[in-house]
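The structure under discussion appears below in the form of structure tokens.
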Amino acid sequence: MAGISVYARFPILLPLVLVALTAVGQEQSVREGVNERFIDPDLDTTRAAAGFESENREVYSRRHDVLDALDLSPGMAVADVGAGSGFYTELMAAAVGPDGKVYTVEIAPSWIEYLNEMVSAEGLDNVTVVLGGERSVELPDDSIDLVFASDTYHHFEFPQSSLASIYRALRPGGRWVVLDYDRIPGVTSPGRMDHLRVGKVEAIAEIEAAGFTLEQDVDLDFDENYLAIFRRP
């Protein structure tokens, strides 16, 4: 067995090690200030929401195709991490039904206020708004069937810590779904190349290193985005 890491031989050890490391705050920021404009208390959330819900964004215009790929069913407990204006939260709430549960997670108090108002106005009784942190999604352990993030993963400033918290929140066998922009040299615009911390290849590597198994690289014929589904063992 020479040359095979202990993590390859015993994959359950890696998430435990990551949890231990991040618990004592050893992970450093991978890009300081990456979320600065989103957590600005003066952010105009109404204007930002209009941008999020633009038909020019594939994550919005193709939202029903994405929802179909999630394969949600009534009674499931799911989480929308980095929910923004909450348009996926609304779709998920309908899909899991009154016996299901949706946690809509944001790190900015201004977005939390926006989401609380949206949930109240829409009468989404099966939705709970959660103030997440830069290192944790702040969800209950072993409670979630599926965690979803749209246009959010590249904003993880402390990815190992955040992934460890997602791992803890998922039930064994639960799914972790990432919808995000890809980052392809020579194809992706220079501005987006500078903005994106990681693209699909790097994201998959990070997530697999955190103990998740890539289950499906979903082909939805996106122009700019990718959809990857992972599973917690």
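Couple of notes before you dig in:
- Across the range 163-179, coupling constants 3J(HN,Hα) worked out from phi with the 6.51/-1.76/1.60 Karplus curve, θ = phi - 60°, read 5, 4, 5, 5, 4, 5, 5, 6, 6, x, x, x, 10, 10, 10, 10, 10 Hz, and Gly and Pro carry x.
- Largest-first principal axis extents of the Cα set of the range 55-231 (Å): 46, 35, 30
- Rounded to the nearest Hz, the phi-derived 3J(HN,Hα) couplings of the range 128-137 under the Karplus curve 6.51 cos²θ - 1.76 cosθ + 1.60 (θ = phi - 60°) are 10, 8, 10, 7, x, x, 5, 10, 8, 7, where x marks glycine and proline.
- Ordered by the number of other Cβ atoms lying within 10 Å of each residue's own Cβ, fewest first, His64, His155 fall into the sequence His64, His155.
- Nearest-0.05 FRET efficiency for Leu131 and Ser189, computed from C-beta distance (R0 30 Å): 0.35
- Between the amide H of Gly174 and those of Arg232, distances stay under 5 Å, these residues lying 5 or more places away or on another chain, with hydrogens modeled in the peptide plane.
- Label-to-label distance, Asp141 versus Ser29, with points set 7 angstrom from Cα along the beta-carbon direction: 2.9 nm.
- Beta bridge orientation in the range 55-231: antiparallel %, DSSP, nearest 5: 40 percent
- Placed amide H near Gly132: partners under 5 Å, 5+ positions off or other chain: Glu106, Ile107
- Between the range 126-160 and the range 204-225, the alpha-carbon center distance in angstrom: 17 Å
Laboratory data are not the source of any read-out in this text; all were calculated from the coordinates shown. Because the structure is a prediction, the values reported are computed rather than measured. Because the Cβ atoms are built from the backbone with ideal geometry, glycine has one as well, and the counts that use them run over all protein chains shown.
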